[in-house]
Amino acid sequence: MALTDFLLKDPYSGGEQTEFAKCDVQCAGKEHEGTATTAARPSFCTLPIFHPPQPLNWTGAGNGYVSADGHAFACVNPNNMRQAFHVIFVLDRSSSMNCSDRRPLPNTPSTTLISRHNNNRFGAVLSALHGFWLSRSTTGTTRRDSYTVVVFNEGSQVIVNNDFTSTPDQLLNRV
């Protein structure tokens with residue numbers, strides 16, 4: 001055997017070489033953690049090492065999911081395992097909410113829409129509400145939370161009732 005044959009031969013088996021080529025990021029789902037009586041069952045990203053981030057709606061994940069940082073997993077999205085809530089918002093629409101000492105958050109995607117009609121305290125509330133809805137929304141899956149919005153002044157009115165399907169922008173337009 002020549003010296004060049006020895007130097008060019010990879011010491012790792014084909015299976016080990018395949019394993020080394022995979023991304024080593026693990027799914028953060030609690031179902032993969034071990035307990036006192038069961039071994040951990042980690043779920044690794046199914047893409048090659050040093051892959052570019054995949055978009056959240058990427059279909060190559062099959063029955064799995066793509067994480068917010070672009071890794072693809074063959075397991076259930078841990079965000080879908082969280083508890084669902086029925087969140088009820090009760091918003092003050094009295095005349096004190098017309099004061100302009102508070103305004104919607106500047107430089108957000110909804111600032112222009114909100115400020116057009118509510119550049120005041122109520123607009124600040126709508127801005128916070130829209131931010132909450134955005135933080136709870138998921139891309140590509142059905143929202144698990146249900147929202148109800150009640151506004152009050154001298155009386156009350158249900159504006160949104162037990163809504164599972166509207167996007168944050170659609171909800172904002174209804175309020």
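The values are calculated or read from the model by the stated rules, or taken from the named source; none is laboratory data. Just so you know, these numbers come straight off a predicted model, no measurement behind them. Note: ideal-geometry Cβ built from the backbone for every residue, glycine included; neighbour counts use all protein chains shown. Ligands, DNA and RNA are excluded from the accessible area calculation, which covers all protein heavy atoms including side chains. Shrake-Rupley method; radii C 1.70, N 1.55, O 1.52, S 1.80 Å.
Values as computed for the structure displayed
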| quantity | calculated |
| --- | --- |
| Among 64, 29, 155: highest mean-square fluctuation, GNM of the chain, C-alpha pairs under 10 Å | 155 |
| Neighbourhood net charge (15 Å Cβ-Cβ; Lys/Arg +1, Asp/Glu -1) for residue 104 | +2 |
| Zone of residue 167's modelled label, taken as backbone nitrogen in region 99-119 under 19 Å from a point 7 Å along Cα→Cβ | 108-115 |
| Once exposed loop GluC sites (Glu not before Pro) are cut out (DSSP; at most 16 other Cβ, 10 Å), longest piece of the chain | 34-153 |
| Surrounding net charge for residue 49, when Lys and Arg each add one and Asp and Glu each subtract one, Cβ distance under 11 Å | -1 |
| For the chain: accessible area per residue (Å², 1.4 Å) | 67 Å² |
| Spin-label pair residue 68/residue 56, simplified geometry with 7 Å Cα→Cβ offset, distance in nm | 0.9 nm |
| Local electrostatic count at residue 127 - Lys and Arg +1, Asp and Glu -1, tallied over other residues with Cβ under 11 Å | +3 |
| Where no second cysteine Cβ lies under 4.7 Å, the cysteines concerned in the chain | 27, 75, 99 |
| Computed [θ] at 222 nm, helices only, for the chain once each DSSP H run of length n ≥ 4 contributes -39500 (n - 2.57) | -7000 deg cm²/dmol |
| Apportionment of accessible area to carbon and sulfur, region 97-140, percent (1.4 Å) | 53 percent |
| Cα shape, region 31-134, gyration tensor, a/c 1.5 rule | prolate |
| With Cα atoms, 0 to 90° folded angle of helix 121-136 axis to the chain main axis | 20 degrees |
| Kirkwood Rh in Å, taken over all unlike Cα pairs in the chain | 20.3 Å |
| Within a Gaussian network of the chain (alpha carbon springs, distance under 10 Å), most fluctuating of 78, 52, 11 | 11 |
